[in-house]
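The values are calculated or read from the model by the stated rules, or taken from the named source; none is laboratory data. If you're wondering where the values come from, they're calculated on a predicted model, not measured in any experiment. All Cβ positions, glycine included, derive from the backbone under ideal geometry; neighbour counts span all protein chains shown.
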């Protein structure tokens, strides 16, 4: 059941990935270099096909994109889209052993320096049925819209305590961008930590009360 919260009650405080094997997933995310952005917990809920979301890393240059993707593959990730130049820059997509899809990209097409392990932005992209309706749903609960492109995309500002931004994209478009079929069912294998009352959004993504500081590593 969806609970209506007060207009100023909501901010994203944590992102929890639900995985079959916590220890194995922790080793992967330590090697990948993103452990501080996510939490892990055991879950065996059925999940098939596209889970309806991705986590996207924005970095400074192509060499850094390659470095993160190579680290992910060496730790056991599967390449969904090899790194390549595009109209918007350079990037690639991998799927972690636990099933979570990660995109790493930069707006730059040429290297202007050596690779680093620095991440400029992390965005949790939810694939939704109706971007306008879901954007309104979250705005009414206190999230601030930072960018919006009609019914195609919406991005909310990150809170002060947690660096991950929340964004919305049409589910078929998101799946296509990741190199996956849009079909999928069962659990999203994802839980979002909130500063307000727990609720479930129109696309079945669950928010729960954050229990620990968001800066604690996974």
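List of remarks:
For every residue, the table says whether it meets (1) in contact (Cβ under 8 Å) with a residue 24 or more places away in the chain; (2) over 24 Å from residue 187 (Cβ atoms).
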position: 100; (1), (2): yes, no
position: 113; (1), (2): yes, yes
position: 117; (1), (2): yes, yes
position: 128; (1), (2): yes, no
position: 134; (1), (2): yes, no
position: 144; (1), (2): no, yes
position: 155; (1), (2): yes, yes
position: 163; (1), (2): yes, yes
position: 166; (1), (2): yes, no
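- Residue match in segment 21-36 (condition: in contact with a strand residue (DSSP E or B) (Cβ under 9 Å, 6 or more places away or on another chain), surrounded by fewer than 14 Cβ atoms within 10 Å (Cβ to Cβ), farther than 18 Å from residue 117 by Cα and touching a residue at least 12 places away in the same chain (Cβ under 8 Å)): yes
- In the condition set (1) surrounded by fewer than 20 Cβ atoms within 10 Å (Cβ to Cβ); (2) under 17 Å from the mean Cα position of the chain (by Cα); (3) at negative phi, residue 192 is compliant with all but (1).
- The listed residue being touching a helix residue (DSSP H, G or I) at 6+ places or on another chain (Cβ under 7 Å), at negative phi and surrounded by fewer than 19 Cβ atoms within 10 Å (Cβ to Cβ), out of 97, 46: 97
- Of the residues 160, 111, 70, the single one that is out of contact with any strand residue (DSSP E or B) (no Cβ under 6 Å at 6 or more places or on another chain), surrounded by fewer than 17 Cβ atoms within 10 Å (Cβ to Cβ) and in a helix (DSSP H, G or I) is 70.
- Positions within segment 119-138 being more than 17 Å from residue 50 (Cβ to Cβ) and touching a helix residue (DSSP H, G or I) at 6+ places or on another chain (Cβ under 7 Å), in sequence order: 122
- Number of residues in segment 114-128 that are under 17 Å from the mean Cα position of the chain (by Cα), over 15 Å from residue 14 (Cα atoms) and crowded, with 17+ Cβ neighbours inside 10 Å: the value is 3.
- Residue within segment 167-180 that is out of contact with any helix residue (DSSP H, G or I) (no Cβ under 6 Å at 6 or more places or on another chain), at pLDDT 95 or above and part of a loop (DSSP other than H, G, I, E, B) present: yes
- Selection status of residue 183, farther than 24 Å from residue 93 by Cβ, modelled with pLDDT of 95 or more and more than 15 Å from the chain's Cα centre (by Cα): no
- First in segment 61-72 and in contact (Cβ under 8 Å) with a residue 24 or more places away in the chain, second anywhere and in a helix (DSSP H, G or I), Cβ under 9 Å, 6 or more apart: 68/32; 71/31; 71/32; 72/28; 72/31; 72/32
- Boolean, residue 76 is within 25 Å of residue 170 (Cα to Cα), modelled with pLDDT of 95 or more and outside any strand (DSSP E or B): no
- Of the residues contained in segment 129-137, one or more are found to be crowded, with 20+ Cβ neighbours inside 10 Å and at pLDDT 95 or above.
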